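The values are calculated or read from the model by the stated rules, or taken from the named source; none is laboratory data. If you're wondering where the values come from, they're calculated on a predicted model, not measured in any experiment. All Cβ positions, glycine included, derive from the backbone under ideal geometry; neighbour counts span all protein chains shown.
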Amino acid sequence: MDRAVFFWPLIAAVAAVIAASSLRTAAYITIGSIFFPLYVGALGRDVVTSTTLFILIVYGKHFIRSYNRPRSALDVFVFLLLLSGTVSAVLSVVSVYPDVFRMGYSVRHYLGFASAILLFLLLEDSGRAAHEPAAASRGPRVNTVLSLVLILTAVHVVISIGVKYVPSLGSAFALFVPKGEVFDIPGRGSIERMGSFALGGAENYGELLAVLAPIVVYKMFSGRLWWGLCLMLFALGEIFSVTRSGILLMAAGTFIAILVHGRSNAMRFAGLAYVLTGALLGLVFLLPGVVGDMTERFGLALQTYDSTGDFFEAINRAELPRRWEDLCSELSLFGRGFVPTPFGHGPVHFHNLVLTTLYRLGAVGCFLFLLVAAWPAGRLMRRLAAGRRMHAPLAFSCLLSMALLGVNEMKFEFTREAPYQQLIWALLGVFASIGQTEAASLPTGEDSEGARPDAADRAGAAAGAAPG
C-alpha cells in the first residue's frame, strides 16, 4: 500500500494540532517531528519534510503575536540572510532552467534552509519573550527543549543499534525515510558505520553526539544522575558511528565538561569517572568487533599519513585545498544557489562548512550565515563574563558545544539534509536564548534544573533588595 495513505492524514492531523495549540506546545511538537520526518512528495519526488511545513505554521503563529515587538540587530541579520538565500535560490533556478530535476533540487534545499533559519529565530526570540510578563507562558522553555532533544537523540541511538543487530527492524521505519530508500547500516561485512533514519549518516551522527555531550554532562551535575545513562548511550552511538573526528571531539568535550562541572561535587565526579571507565572496558570485552572497526579507521588514517605525509589525505580531504583555490578564483556575491554540481546529479559537499556556504550563497550570504551562526557564542561569552554564577554552568556547556561544532565543521557541513540542518539551527537558537544577557535569569521552575542560585547569588540578591 502507498505510504501516502498513512502520512497525508497524519500530516494534516499534526498540522491541525499545531495550529490550534499554544505556541509552546506547537514548538515542542515541531522539534519532536525533526526526529521523525515525513517526506511530502510531488511530481513523483520528495519535495519537503513535514517538519518544514510545521515550522512555517509555528513561525506564522509566533510572527502574528510578536510582529510589533522591537527588533534586535540579530533579527535584522537573520532576515538579511533569508533574503540573500532567496536571491541565491532564484538566480540558481533561473540558471538551470529548464532542467526540472535541478530546479526542484534547488527549491527543495532552499526550503530546508529557510525553515531551519526560521526555527532558529523562533527559539532565539523565545528568550526575550520569556522575560516579558505578558508573554511569560508563551514561548518554549530552553531546558525543556534541550531535554527533548537529548531524549529523542538517545531514542535514535537505541533504534540504530537495534537495526545494526537486527536488520529487519529497518523496515519498521520506512515511513520516515525518503521514497525508494531503506534504513540500514552501510558497510555491512566490512567497517559498519551506524547512522540514523532522520539525522543522516555516520558523519552527522558523530558530530551531533559530540556536540550534545557537554549538555548531558551539565544535566548530570545539575542533580539528575539518570542522565548518565543518556551519556553512555551517546558514547556507544559515537563508537558505533566509527567517526574519527566525532570520537575525538566527544572524548575531549566530555572530559572538559566533567572537569569543569565536577569541581563542586568531587563524589559525583569520582563516581562518574568510575562508571564511564568500567563501561568502556566492558564494551571492549563484550563487543571487540565494534572497537576493532574504530581502531581500524584510525589505523588507516595513521598509515596514510605515514606513507604520504599529507594531513588532508589522511583524513580523506585531499581535494580541500584545491577546491578552496578554485572557488576563491570564481567567487561571486550570491553564489550558485542550492543546485547540485553540473558534473552530475549529486549534491555539492565540499566537506567544509565555509567552502560549501561560499559556493551556495556567495560572499554576501556566507558572511551573514557565519555571523548569525556565531552570534549565540558572543551572547554566551557575555553571560559568562557578567559573572552570574547562577547560570554559568549551562552557558559554559552551550559554549563548549558550539566550539566542538565549529571544529568539526572544518571538515563537514551540517547543511546537507533538511532534518539535521533544522536540528542544528534549533540548538543554536536555544543557545542564543540562553545567552540573553539583558535578562536577569532563565525561566524558573521544573525546566530549570541546574539553575539554582548558590549562596553568593542569594546574598547578592538580598543586598540588592535592601534599602540603600
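Annotations
- Single residue of 171, 137 found to be modelled with pLDDT under 80 and surrounded by fewer than 16 Cβ atoms within 10 Å (Cβ to Cβ): 137
- Among the numbered conditions (1) modelled with pLDDT of 55 or more; (2) surrounded by fewer than 21 Cβ atoms within 10 Å (Cβ to Cβ); (3) touching a helix residue (DSSP H, G or I) at 6+ places or on another chain (Cβ under 9 Å), the only one that residue 449 does not meet is (1).
- Residue that is surrounded by the fewest Cβ atoms within 10 Å (Cβ to Cβ), among those in segment 380-432 that are more than 14 Å from the chain's Cα centre (by Cα) and within 26 Å of residue 29 (Cβ to Cβ): 394
- Residue identified as under 16 Å from residue 235 (Cα atoms) and touching a helix residue (DSSP H, G or I) at 6+ places or on another chain (Cβ under 9 Å) among 215, 185: 215
- Only residues that are buried (at least 17 other Cβ atoms within 10 Å of the Cβ) and modelled with pLDDT under 80 were counted across segment 235-273, and they come to 3.
- Residue list for segment 58-71, filter: of a type outside the set (D, E, K, R) and surrounded by fewer than 16 Cβ atoms within 10 Å (Cβ to Cβ): 60, 63, 64, 67, 68, 70
- From the list 232, 220, the lone residue that is over 30 Å from residue 8 (Cα atoms), modelled with pLDDT of 80 or more and surrounded by 19 or more Cβ atoms within 10 Å (Cβ to Cβ) is 220.
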